[in-house]
Amino acid sequence: MNEVKAKPVDVAVGILMRPNGDVLLGQRPEGKPYAGYWEFPGGKVEPGEDIFQALQREFVEELGVRPLSGDAWCCVEHVYEHAHVRLYFYICREWQGEPQSLEGQAFAWQGGYSVSPLLPATIPLLEWLDKLRYATLE
């Protein structure tokens, strides 16, 4: 019997980056798959939204922050036990508001990634991101 491959779910992911290169990571709340794991914030793209619109909506809902601009950075597919996702990453250097825990999640500004565990799809991106962050600071 052939296994039917599920169509990936499109997810908008934002990397809020401060001028010093620190980025915001959030901890997945209880009740969600991988609860307690750290990730870059974001969420599913709804029908009729473009990726950046979804990112803005998700950031307002989760963190009370509105990204003003974002640079499309990369797209990565990852298959978890519960979902096949296509993650569209944007680097956001300008936003309105200060992050708040609107869904009861912890969050932390990170320069050296001292939080753990990290969501599996996040881990490979950290080295790429470090190259980008440190090139920006030079």
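Tell me, please, whether a residue that is within 13 Å of LEU119 (Cβ to Cβ), touching a Lys or Arg at 6+ places or on another chain (Cβ under 7 Å) and touching a residue at least 24 places away in the same chain (Cβ under 8 Å) can be found in region 61-77. Quick ask: steps written out before the conclusion?
If we filter region 61-77 for residues that are within 13 Å of LEU119 (Cβ to Cβ), which is where we start, we get 76.
Checking the rest, the ones that are also touching a Lys or Arg at 6+ places or on another chain (Cβ under 7 Å) come to none.
No, the conditions are met nowhere in region 61-77.
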- [ ] Could you grab me the full set of residues in region 12-61 that are within 15 Å of PRO99 (Cβ to Cβ) and among the acidic types (Asp, Glu)?
- [x] ASP22, GLU39, GLU58, GLU61
Open item on the list: For region 38-52, give me each residue that is open to solvent by 50 Å² or more (accessible area, probe 1.4 Å) and either in contact with a strand residue (DSSP E or B) (Cβ under 8 Å, 6 or more places away or on another chain) or small (Gly, Ala, Ser) (or both).
Closed with: LYS44, GLY48
Open item on the list: Kindly evaluate GLY21 against the criterion of being under 15 Å from the mean Cα position of the chain (by Cα), touching a residue at least 12 places away in the same chain (Cβ under 8 Å) and on the phi > 0 side of the Ramachandran plot.
Closed with: no
- [ ] Hey, can you tell me all the residues within region 24-37 that are open to solvent by 40 Å² or more (accessible area, probe 1.4 Å) and at positive phi?
- [x] GLY31, TYR34
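The values are calculated or read from the model by the stated rules, or taken from the named source; none is laboratory data. Everything numeric in this text was worked out from a predicted model, so none of it was measured. Heads up, the Cβs are rebuilt from the backbone with ideal geometry, glycines too, and the neighbour counts pull from every protein chain shown. Side chains included, ligands, DNA and RNA excluded: accessible areas come from the protein's heavy atoms. Shrake-Rupley method; radii C 1.70, N 1.55, O 1.52, S 1.80 Å.
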